[in-house]
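Just so you know, all these numbers are worked out from the coordinates, no wet-lab data involved. A quick note: this is a predicted structure, and the numbers were derived from the prediction, not measured. For neighbour counting, all protein chains shown are included, and Cβ atoms are generated from backbone atoms with ideal geometry for every residue, glycine included.
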C-alpha cells in the first residue's frame, strides 16, 4: 500500500493524537480488539538461569494487561527510549497491545503478537535457511514464540535495528 504525502501526514496526526490520549489517561483497553484475540490479561513465562543449583528469575513482568505494561517491557528488553512512543502507537494499532493477536490473513503464515511480526521474519527461505530472526539470535526458534511478549519485543527490536519502521510503514507515524 502506498500513501500519498497528505495521507501520511493524516496518519501522523492521528497517531500523535491517539498517543497523547493514551499517555494522558493510562487505563486498560476495553473490549476485544478482534475475534482473533483472547482475554484482557496474558501470562508471560519468566526466564530462568540455572547455575549449579541456583535458579534466578529475571525481573521482567509476568503479565501484560495494558499497553503501558507492553511499553515497560519493551524498555526492559532494550528498546531505545526515544522510540517507545512510536512503538506504543504501533502495538496499539497492530494488536491493541494483545500478545496473542494473530492475523492469519497476512502472507507467510500470518502476523504474530504485540507488534504483528510477519512470518516472513521467522520462516526458512532461500536467503535465510533457518529464518532471519533465528540467525539474529534473538531467542526465537519458531514463529509461535512471537506470542510471548518478551520474545516478540526482542524480535521487533532486531527488525527495527535492521529496517527501521519500514516493516510497520502502514501503521507507524
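What is the extension gain from residue 163 to residue 68, computed as 0.36 nm multiplied by their sequence separation minus the C-alpha to C-alpha distance, in nm to one decimal?
31.7 nm
Give me the one-decimal nm value for the distance between modelled label points at residue 128 and residue 142, 7 Å along each residue's Cα-to-Cβ direction.
1.8
May I ask you to sort 168, 128 by Cβ crowding, counting other Cβ atoms within 10 Å and putting the fewest first?
Fewest-to-most Cβ neighbours within 10 Å comes out as 128, 168.
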